[in-house]
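Here the structure comes first, spelled out in C-alpha coordinates, and everything after it is commentary.
The values are calculated or read from the model by the stated rules, or taken from the named source; none is laboratory data. Since this is a predicted model, take the numbers as computed values, not measurements. Cβ atoms come from the backbone with ideal geometry, glycine included; neighbour counts cover every protein chain shown. Note: accessible area is taken over every heavy atom of the protein model, side chains too, but ligands, DNA and RNA are not part of it. Shrake-Rupley method; radii C 1.70, N 1.55, O 1.52, S 1.80 Å.
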Amino acid sequence: MEYVQPIRDMEMVETIQSYLKERNERDYVLFMVGITTGLRISDILQLKVGDVQGTHIRRKEIKTGKGRRTPISPELRKALAPFIKNKPEDEWLFLSRQKGREGNIKPIDRSTAYRIIKEAARKAGFRDNCGTHTMRKTFGYMHYKKWGNVAALQKIFNHDTELVTFAYIGLEDDFLDKTIMGLYR
(Lines give C-alpha, C1' and ligand atoms only; values in the text may rest on other atoms or scores of the structure.)
Protein backbone atom coordinates (compact mmCIF):
# COMPACT_ATOMS: atom_id res chain seq x y z
CA MET A 1 0.00 0.00 0.00
CA GLU A 2 1.42 3.35 -1.00
CA TYR A 3 0.75 6.26 1.32
CA VAL A 4 -0.31 9.69 0.11
CA GLN A 5 2.07 12.56 0.59
CA PRO A 6 1.63 16.10 1.86
CA ILE A 7 2.11 18.95 -0.55
CA ARG A 8 5.43 20.36 0.62
CA ASP A 9 5.60 23.43 -1.61
CA MET A 10 3.35 26.44 -0.92
CA GLU A 11 3.44 27.41 -4.61
CA MET A 12 1.95 24.02 -5.46
CA VAL A 13 -0.78 24.56 -2.85
CA GLU A 14 -1.56 27.94 -4.43
CA THR A 15 -1.61 26.43 -7.93
CA ILE A 16 -4.13 23.82 -6.82
CA GLN A 17 -6.20 26.49 -5.08
CA SER A 18 -6.27 28.61 -8.25
CA TYR A 19 -7.24 25.65 -10.42
CA LEU A 20 -10.09 24.66 -8.10
CA LYS A 21 -11.31 28.23 -7.64
CA GLU A 22 -11.65 28.66 -11.39
CA ARG A 23 -13.21 25.23 -11.88
CA ASN A 24 -15.75 24.93 -9.07
CA GLU A 25 -16.37 26.95 -5.90
CA ARG A 26 -17.52 23.90 -3.91
CA ASP A 27 -14.35 22.01 -4.74
CA TYR A 28 -12.19 25.03 -3.89
CA VAL A 29 -13.87 25.40 -0.48
CA LEU A 30 -13.47 21.65 0.13
CA PHE A 31 -9.73 21.96 -0.46
CA MET A 32 -9.51 25.08 1.71
CA VAL A 33 -11.30 23.36 4.61
CA GLY A 34 -8.94 20.40 4.26
CA ILE A 35 -5.67 22.32 4.22
CA THR A 36 -6.59 24.91 6.86
CA THR A 37 -8.22 22.71 9.50
CA GLY A 38 -6.50 19.33 9.34
CA LEU A 39 -9.86 17.57 9.64
CA ARG A 40 -10.25 14.08 8.20
CA ILE A 41 -12.25 13.84 4.98
CA SER A 42 -14.94 11.81 6.78
CA ASP A 43 -15.49 14.75 9.15
CA ILE A 44 -15.30 17.39 6.41
CA LEU A 45 -17.98 15.71 4.32
CA GLN A 46 -20.39 15.68 7.28
CA LEU A 47 -20.19 19.45 7.83
CA LYS A 48 -23.30 21.54 7.46
CA VAL A 49 -23.47 25.25 6.72
CA GLY A 50 -24.26 26.01 10.37
CA ASP A 51 -21.07 24.24 11.47
CA VAL A 52 -18.89 26.86 9.77
CA GLN A 53 -20.77 30.06 10.59
CA GLY A 54 -19.09 30.78 13.93
CA THR A 55 -15.46 31.27 14.85
CA HIS A 56 -14.82 27.54 15.31
CA ILE A 57 -15.90 24.22 13.89
CA ARG A 58 -17.07 22.01 16.74
CA ARG A 59 -17.47 18.34 15.86
CA LYS A 60 -17.20 14.88 17.30
CA GLU A 61 -14.65 13.07 15.16
CA ILE A 62 -16.16 10.12 13.35
CA LYS A 63 -13.02 7.97 13.63
CA THR A 64 -12.16 8.59 17.27
CA GLY A 65 -15.44 9.75 18.79
CA LYS A 66 -13.50 12.56 20.47
CA GLY A 67 -14.70 16.14 20.46
CA ARG A 68 -12.75 18.57 18.35
CA ARG A 69 -12.77 22.38 18.32
CA THR A 70 -11.09 23.86 15.25
CA PRO A 71 -10.70 27.60 14.64
CA ILE A 72 -11.73 29.02 11.29
CA SER A 73 -8.74 30.96 9.97
CA PRO A 74 -9.13 34.29 8.13
CA GLU A 75 -8.13 32.52 4.88
CA LEU A 76 -10.83 29.91 5.33
CA ARG A 77 -13.42 32.51 6.36
CA LYS A 78 -12.66 34.43 3.14
CA ALA A 79 -13.33 31.28 1.08
CA LEU A 80 -16.41 30.29 3.08
CA ALA A 81 -18.23 33.64 3.26
CA PRO A 82 -19.47 33.87 -0.35
CA PHE A 83 -19.98 30.11 -0.53
CA ILE A 84 -22.37 29.88 2.44
CA LYS A 85 -24.13 33.22 1.93
CA ASN A 86 -27.93 32.79 2.03
CA LYS A 87 -27.72 29.02 2.56
CA PRO A 88 -29.75 27.40 5.34
CA GLU A 89 -27.82 26.24 8.41
CA ASP A 90 -29.01 22.65 8.05
CA GLU A 91 -27.79 22.25 4.46
CA TRP A 92 -24.79 20.03 3.78
CA LEU A 93 -21.73 22.17 3.13
CA PHE A 94 -20.58 20.05 0.19
CA LEU A 95 -23.71 19.07 -1.68
CA SER A 96 -23.72 16.31 -4.22
CA ARG A 97 -25.40 16.86 -7.54
CA GLN A 98 -27.08 13.49 -7.08
CA LYS A 99 -29.98 12.65 -4.80
CA GLY A 100 -30.18 9.77 -2.35
CA ARG A 101 -32.57 6.83 -2.63
CA GLU A 102 -35.34 8.73 -0.87
CA GLY A 103 -34.89 11.67 -3.24
CA ASN A 104 -33.11 13.81 -0.66
CA ILE A 105 -30.00 15.81 -1.41
CA LYS A 106 -26.89 14.38 0.20
CA PRO A 107 -23.27 15.46 0.60
CA ILE A 108 -20.59 14.33 -1.83
CA ASP A 109 -18.99 11.01 -0.94
CA ARG A 110 -15.36 10.07 -0.32
CA SER A 111 -14.80 8.80 -3.86
CA THR A 112 -16.03 12.08 -5.35
CA ALA A 113 -13.79 14.07 -3.00
CA TYR A 114 -10.89 11.80 -3.95
CA ARG A 115 -11.45 12.40 -7.68
CA ILE A 116 -11.65 16.18 -7.11
CA ILE A 117 -8.36 16.34 -5.20
CA LYS A 118 -6.56 13.81 -7.42
CA GLU A 119 -7.52 15.65 -10.62
CA ALA A 120 -6.60 19.07 -9.24
CA ALA A 121 -3.21 17.80 -8.07
CA ARG A 122 -2.55 16.16 -11.44
CA LYS A 123 -3.52 19.34 -13.33
CA ALA A 124 -1.22 21.37 -11.10
CA GLY A 125 1.70 19.03 -11.73
CA PHE A 126 1.85 17.44 -8.28
CA ARG A 127 3.58 14.14 -8.99
CA ASP A 128 3.58 12.50 -5.56
CA ASN A 129 0.90 10.04 -4.53
CA CYS A 130 -2.16 12.13 -3.73
CA GLY A 131 -5.61 11.60 -2.24
CA THR A 132 -8.04 13.19 0.18
CA HIS A 133 -5.66 12.57 3.09
CA THR A 134 -3.13 14.77 1.27
CA MET A 135 -5.08 17.80 2.53
CA ARG A 136 -4.76 16.76 6.19
CA LYS A 137 -1.09 15.88 5.75
CA THR A 138 -0.44 19.19 3.98
CA PHE A 139 -2.01 21.04 6.90
CA GLY A 140 0.30 19.16 9.27
CA TYR A 141 3.38 19.66 7.15
CA MET A 142 2.80 23.41 6.74
CA HIS A 143 1.90 23.78 10.42
CA TYR A 144 5.14 22.09 11.43
CA LYS A 145 7.23 24.14 8.99
CA LYS A 146 5.75 27.37 10.41
CA TRP A 147 5.69 26.54 14.12
CA GLY A 148 8.11 23.60 14.51
CA ASN A 149 5.93 22.11 17.24
CA VAL A 150 5.23 18.44 16.68
CA ALA A 151 3.59 18.16 20.13
CA ALA A 152 0.92 20.67 19.13
CA LEU A 153 0.27 18.73 15.92
CA GLN A 154 0.09 15.48 17.86
CA LYS A 155 -2.68 17.01 19.96
CA ILE A 156 -4.49 18.48 16.93
CA PHE A 157 -4.39 15.12 15.13
CA ASN A 158 -5.15 13.06 18.26
CA HIS A 159 -2.09 10.89 17.62
CA ASP A 160 -0.67 8.69 20.38
CA THR A 161 2.96 9.78 19.99
CA GLU A 162 5.01 12.58 18.47
CA LEU A 163 6.86 9.98 16.40
CA VAL A 164 3.60 8.91 14.74
CA THR A 165 2.88 12.57 13.89
CA PHE A 166 6.43 13.12 12.61
CA ALA A 167 6.11 10.18 10.22
CA TYR A 168 2.49 10.99 9.32
CA ILE A 169 3.29 14.45 7.91
CA GLY A 170 6.20 13.18 5.83
CA LEU A 171 9.08 14.56 7.88
CA GLU A 172 10.54 11.13 8.42
CA ASP A 173 10.66 10.65 4.62
CA ASP A 174 12.27 14.08 4.19
CA PHE A 175 14.91 13.29 6.80
CA LEU A 176 15.74 9.87 5.33
CA ASP A 177 15.93 11.27 1.77
CA LYS A 178 18.27 14.01 2.97
CA THR A 179 20.60 11.52 4.67
CA ILE A 180 20.86 9.42 1.52
CA MET A 181 21.26 12.35 -0.89
CA GLY A 182 23.91 14.01 1.25
CA LEU A 183 25.95 10.90 1.95
CA TYR A 184 28.93 11.72 -0.32
CA ARG A 185 28.90 15.48 -0.20
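Structural remarks
- Using the Cβ-Cβ distance between residue 161 and residue 69 with R0 set to 30 Å, the FRET efficiency works out to roughly 0.85.
- Taking 7 Å steps out from each Cα toward its Cβ at residue 98 and residue 61 produces label points 3.0 nm apart.
- When each of the peptides 60-68, 149-157, 89-97, 127-135 is scored by how many other beta carbons lie within 10 Å of its residues on average, the order from highest to lowest is 127-135, 149-157, 89-97, 60-68.
- Scanning residues 5 or more positions from residue 56 or on other chains, those with amide H under 5 Å from its amide H are 72, with H placed 1.01 Å from N in the peptide plane.
- Fraction of accessible area attributable to carbon and sulfur, the chain (%, probe 1.4 Å): 51
- C-alpha long axis of helix 133-147 to longest principal axis of the chain, angle in °: 60
- Rounded to 10°, Cα long-axis angle of helix 10-23 versus longest principal axis of the chain: 20
- Figure note: 52, 164 ranked by solvent-accessible area, largest first, 1.4 Å probe, ligands and nucleic acids not counted: 164, 52.
- In the chain, taking the dipole from charged Cβ atoms about the Cα centre, the farthest positive-side position among 133, 80, 111 is held by 80.
- Members of 63/145; 21/78; 21/178; 85/155 lying beyond 24 Å, as alpha-carbon distances in this model show: 63/145; 21/178; 85/155
- Simple Cβ-charge dipole of segment 46-100, Lys/Arg +1 and Asp/Glu -1, about Cα centre, in debye nearest 20: 180
- Phi angles of segment 150-165 translate, via the Karplus equation with coefficients 6.51, -1.76, 1.60 and θ = phi - 60°, into HN-Hα couplings of 5, 5, 5, 5, 4, 5, 4, 7, 6, 7, 6, 9, 5, 4, 4, 5 Hz per residue; Gly and Pro are given as x.
- Using heavy atoms of the protein chains and a probe of 1.4 Å, the accessible area assigned to residue 174 is about 40 Å².
- Accessible surface ranking that places the most exposed of 3, 141, 184, 114 first, with a 1.4 angstrom probe: 184, 3, 114, 141
- For segment 3-123, a crude dipole built from +1 on the beta carbon of Lys and Arg and -1 on the beta carbon of Asp and Glu, taken about the Cα centre, is about 360 debye to the nearest 20.
- Probe 1.4 Å, accessible area per residue of the chain, Å²: 59
- If you sort the three axes of the alpha carbon gyration tensor as a ≥ b ≥ c, you get a/c of 1.5 or more for segment 36-89 and a/b above b/c, which makes it prolate.
- Label corresponding to Rg and Dmax of the Cα atoms in Å when calculated from the structure given, among [x] 17.1, 65; [y] 14.2, 43; [z] 25.3, 85: [x]
- Gain in span if fully extended, residue 85 to residue 53, counting 0.36 nm per residue against the direct Cα distance: 10.5 nm
- Fluctuation leader among 88, 107, 71 - the chain, Gaussian network, Cα springs under 10 angstrom: 88
- Helix 25-37 vs. the chain, principal-axis angle (Cα, 0 to 90°, nearest 10): 50
- Overall shape: oblate for segment 1-68, with the ratio a/c of the largest to smallest alpha carbon gyration tensor axis at 1.5 or above and b/c at least equal to a/b.
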